[in-house]
Amino acid sequence: LAKTTQPISMDSYEGQEVNITCSHNNIATNDYITWYQQFPSQGPRFIIQGYKTKVTNEVASLFIPADRKSSTLSLPRVSLSDTAVYYCLVGPGGYNKLIFGAGTRLAVHP
Amino acid sequence: GAVVSQHPSWVICKSGTSVKIECRSLDFQATTMFWYRQFPKQSLMLMATSNEGSKATYEQGVEKDKFLINHASLTLSTLTVTSAHPEDSSFYICSASLAGGNSPDTQYFGPGTRLTVL
């Protein structure tokens, strides 16, 4: 399983765009990149998943360069409710186990 | 869609007793489910992979006789913490895999179960 590296913490203010970058130098050809959000005392919530280039949904965008050795989760116009821990995971898919790293603790300030 | 539930959401038990936690995929069938444990301010730690109709695969360091996993149907997996002790107090989270269409398999997580052993 490819190891991921993310910043331990980030701070932002309401209304700003937040970009969280994840490094995964050993990503395999059949690996996908998935991001989850977790609030205290809750299970992780799926945010977005991608393989290459750019993926966008109603809550976030995921940018993946051609070499796929990193990815960036972009949260547009964050609000206080986006304060959470964000996990980047790399793996071939849901039937295969995921190993969580430390994640990025995002704090959004008024 | 892709909703996973857990029951109970929290439980308090006495040391030495056993506790069963249920994980259900409500609107899809899940051949594979996973169990995680999370201590305060830490990340999720995978405990085991649960496959319907077969024995669970445990991660290194996880005692299979203490954490009994049963995946009897495509929508239900259970985790039983046997002879619980205070050090087993933690947040237990399950996930279920959903596959379909052109999308890769994705894990969806339950809300978690807070276990406190007195």
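The values are calculated or read from the model by the stated rules, or taken from the named source; none is laboratory data. Please read all numbers here as calculations on a predicted model, not as lab measurements. Cβ atoms come from the backbone with ideal geometry, glycine included; neighbour counts cover every protein chain shown.
Does B:Thr57 count as of a type in the set (Ser, Thr, Tyr), surrounded by fewer than 17 Cβ atoms within 10 Å (Cβ to Cβ) and closer than 14 Å to A:Lys97 by Cα? So B:Thr57 fits the description; yes. Filtered by the rule that a residue be over 16 Å from B:Gln107 (Cβ atoms) and either in contact with a Pro (Cβ under 8 Å, 6 or more places away or on another chain) or of a type outside the set (A, V, I, L, M, F, W, C) (or both), the range A:37-50 gives A:Pro40, A:Ser41. Does the range B:38-46 include one or more residues that are in a strand (DSSP E or B) and of a type in the set (A, V, I, L, M, F, W, C)? Yes, the range B:38-46 contains at least one residue that is in a strand (DSSP E or B) and of a type in the set (A, V, I, L, M, F, W, C).
For the condition at the interface with chain A (Cβ under 9 Å from one of its Cβ atoms) and crowded, with 17+ Cβ neighbours inside 10 Å, B:Leu98 qualifies. The number of residues in the range A:52-64 being within 16 Å of A:Leu89 (Cα to Cα) and surrounded by fewer than 16 Cβ atoms within 10 Å (Cβ to Cβ) comes to 1. Just one of the listed residues (A:Ala102, A:Ala60, A:Ala66) is within 14 Å of another protein chain (Cβ to nearest Cβ) and either under 30 Å from B:His7 (Cβ atoms) or small (Gly, Ala, Ser) (or both), namely A:Ala102.
Identify, please: which residue in the range B:6-42 is over 15 Å from B:Gln107 (Cβ atoms) and of a type in the set (Gly, Ala, Ser) and is, among those, nearest to the other protein chains (Cβ to nearest Cβ)? By that ranking, first place goes to B:Ser9. State whether one or more residues within the range B:50-58 are facing chain A (nearest Cβ under 10 Å) and either part of a strand (DSSP E or B) or modelled with pLDDT under 95 (or both). Looking for residues that are facing chain A (nearest Cβ under 10 Å) and either part of a strand (DSSP E or B) or modelled with pLDDT under 95 (or both), one finds at least one in the range B:50-58, hence yes. The number of residues in the range B:19-38 that are more than 9 Å from the chain's Cα centre (by Cα) and closer than 19 Å to A:Leu89 by Cβ comes to 3. Just so you know, in the range A:15-38 the residues that are at the interface with chain B (Cβ under 10 Å from one of its Cβ atoms) and part of a loop (DSSP other than H, G, I, E, B) include one that is surrounded by the fewest Cβ atoms within 10 Å (Cβ to Cβ), and it is A:Asn30.
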